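Chemist: First the structure, which I've put down as structure tokens, then a few questions once you've had a look.
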Amino acid sequence: MIRATINGEDTEFLADERDSLLEALRERLGLTGAKEGCNNGNCGACAVILDGRLVNSCCVMAAEVEGAAVMTVEGIAPDGLHPLQQVFLEDAALQCGICTPGFLVAAKALLDRNTNPTEHEVRFWLAGNLCRCTGYDKIVTAVLRAAATMRGAPV
Amino acid sequence: MQNLKYARARDIDEAARLLAEGGPTARVLAGGTDVIVQARERKRPVGLFVDIKKIAAVQELRYDAAAGLTVGAATPCYRIYEDDVVRRLYPALVEATSVVGGTAIQGRASLGGNLCNSSPAADTVPAMIALDAAVTIAGPGGGRRTVAVAAFCTGPGQNVLAQGEFVVSILFPPPAAGSGAAWERFIPRNEMDIAVANAASCLRIEGGRVSAARIAIGAVAPTALLLEDAAAALVGKPLSDETVAAAAAAAKAAARPIDDMRGSIKQRRHLAGVLVERTLRRAAARAEEGGRP
């Protein structure tokens, strides 16, 4: 039995000792937003925020999160859509969508600490998230526009 | 995933005991960015993960002007490169830790893990060697020993740790007055890649002459190398085009690279010289700026 705060809610769940956090989220908790891409820490599709830091949930054991706070893409906006999700939709910053939850979570982790990142900072921060469809430009532009929206700056 | 067990150690002695009892397939779990993947892909047999992250000593990040910088073995990269003292006094360490994997890797990956994984291409290892770091190792029965990082790795994926031993912390001596250090790697991408070659240099300059030098290169031999011949080409002399070229030539001579998908023997040997030259020049500039390694 593991006790953790998942998307703001105190949660108890059973997991096998060999389960990764990604497996526990998807298969035990029904939170299928985090995706299994490479399952080896390269693609970022499984990114979640663990105690305030961006991590790949495939590279965390479920048992490690006892007492910790985990935020998945399902939890980035308690009501409606997060500004990042809104801009990703409006600007079509996705094609097949598999990488999108990881990009959203990673971008939120960036904007939580830097409300006005440069394009270089966005690209460097998101270097661990792979997208095979978009060529990244629309994603980077969307993150910059969401940041401006959240600051109340003219877009 | 292999059918493995998970145990959380509360203190150093419990971790050493769990590792000793777990036998050769008991592995330390710190950031997990290498070892969890190796366990899943069956590249290492793992029967037990001993999670050491709740032990205070492995999460330390403390600077003392006399003792130097102590970095707990499991302290994640982001805490190292975001730390004001590390940024001021150990910029070469900031350079290396800032590019280990991507952001999500840096949220977990640690110096201790990078060292104990003992990849020939480990990015932080040449920085630790150039900065003359040493590790504190704990073992069963309260045993403790200290090993220089330069002597820690013995081959690809191999190191001096015996059964039941693990790295608790890494100690960096305080920067000497008039010293400077720099780290650099070559990768074909801009970020998120494994080094084709990497290098770090630490210089002390007194009265216009190099009084001490430590130069290390990685990804060009089975382990990162401390280049004594390259250092000897500099000590007692001014840092000039000639002495830098002599040190770079010594680096190329010491490199014993392999051909693989990341680079050829010829390219890696060339890069060893280039990266040593660049890091020497930046280390010297930092030494002149005010004794910051």
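Chemist: Determine the sum of side-chain charges near B:R268: Lys and Arg each +1, Asp and Glu each -1, restricted to other residues whose C-beta is under 13 angstrom from that of B:R268.
Modeler: Taking every other residue near B:R268 into account, the sum is +4.
Chemist: Report the normalised scattering of the protein assembly as shown as log10 I(q)/I(0) at q = 0.06, 0.10 Å⁻¹, calculated by the Debye formula with identical scatterers on the alpha carbons.
Modeler: Once normalised to I(0) and log-transformed, intensities are -0.27, -0.74.
Chemist: Nearest 5 percent is fine: what portion of the DSSP beta bridges confined to chain B is antiparallel?
Modeler: 85
Chemist: Go through A:L94, A:H82, B:V86 and say which Cα lies farthest out towards the positive end of the charge dipole of the protein assembly as shown; charges sit on Cβ, +1 for Lys and Arg, -1 for Asp and Glu.
Modeler: B:V86
Chemist: For region B:179-290, what is the convex hull volume of its Cα atoms per residue in Å³?
Modeler: 90
Chemist: While we're looking at this one, here's another question. State, in angstrom, two size descriptors of region A:83-151 derived from its alpha carbons: Rg to one decimal place and Dmax to the nearest whole number.
Modeler: Spelled out, the Cα radius of gyration and Dmax of region A:83-151 are 10.5, 30 Å.
Chemist: Using only helices, what value at 222 nm comes out for chain B when you add -39,500 (n - 2.57) per DSSP H run of length 4 or more and divide by the total residues, to the nearest 500 deg cm²/dmol?
Modeler: -9500 deg cm²/dmol
Chemist: If you build a Gaussian network model of chain B, linking Cα atoms that sit under 10 Å apart, which residue out of B:R256, B:R40, B:R108 swings the most?
Modeler: Of the options given, B:R40 has the highest mean-square fluctuation.
Chemist: Run lengths n ≥ 4 of DSSP H only: what is the helix-derived mean residue ellipticity at 222 nm for chain A, with -39500 (n - 2.57) per run over all residues, to the nearest 500?
Modeler: -8500 deg cm²/dmol
Chemist: Can you tell which of B:L131, B:L203, B:L275 shows the greatest fluctuation in a Gaussian network model of chain B with Cα springs below 10 Å?
Modeler: Result for chain B, Cα springs under 10 Å: B:L275 fluctuates most.
Chemist: Here's a follow-up. Residues in region B:201-231, backbone N under 20 Å from the label point at B:E288 (7 Å along the Cα-to-beta-carbon vector): list them, ranges by number please.
Modeler: Backbone N within reach: B:201-214.
Chemist: Dipole magnitude of region B:179-290 about its Cα centre, charges +1 at Lys/Arg Cβ and -1 at Asp/Glu Cβ only, in debye to the nearest 20?
Modeler: In debye, rounded to 20, region B:179-290 gives about 120.
Chemist: Modelled label-to-label distance, B:R209 and B:A151, 7 Å Cα→beta-carbon offset: nm?
Modeler: So the two model labels end up 2.9 nm from each other.
Chemist: Same structure, new question: R0 = 35 Å: FRET efficiency of A:D10 with B:M261, Cβ-based, nearest 0.05? Working shown, then result.
Modeler: Numbers: r = 47 Å, r/R0 = 1.34.
Efficiency for this residue pair is about 0.15.
Chemist: Oh, and also: Kindly provide the Kirkwood hydrodynamic radius of chain A in Å, to one decimal, from all pairs of distinct alpha carbon atoms.
Modeler: In chain A this quantity evaluates to 15.7 Å.
Chemist: Out of A:D112, A:D79, A:D51, any idea which swings most in a Gaussian network model of chain A, alpha carbons joined below 10 Å?
Modeler: Top of the fluctuation ranking is A:D79.
Laboratory data are not the source of any read-out in this text; all were calculated from the coordinates shown. As the structure is a prediction and not an experimental result, all values here were calculated from the model. No Cβ is skipped: glycine too gets one built from the backbone with ideal geometry, and neighbour counts run over all protein chains shown.
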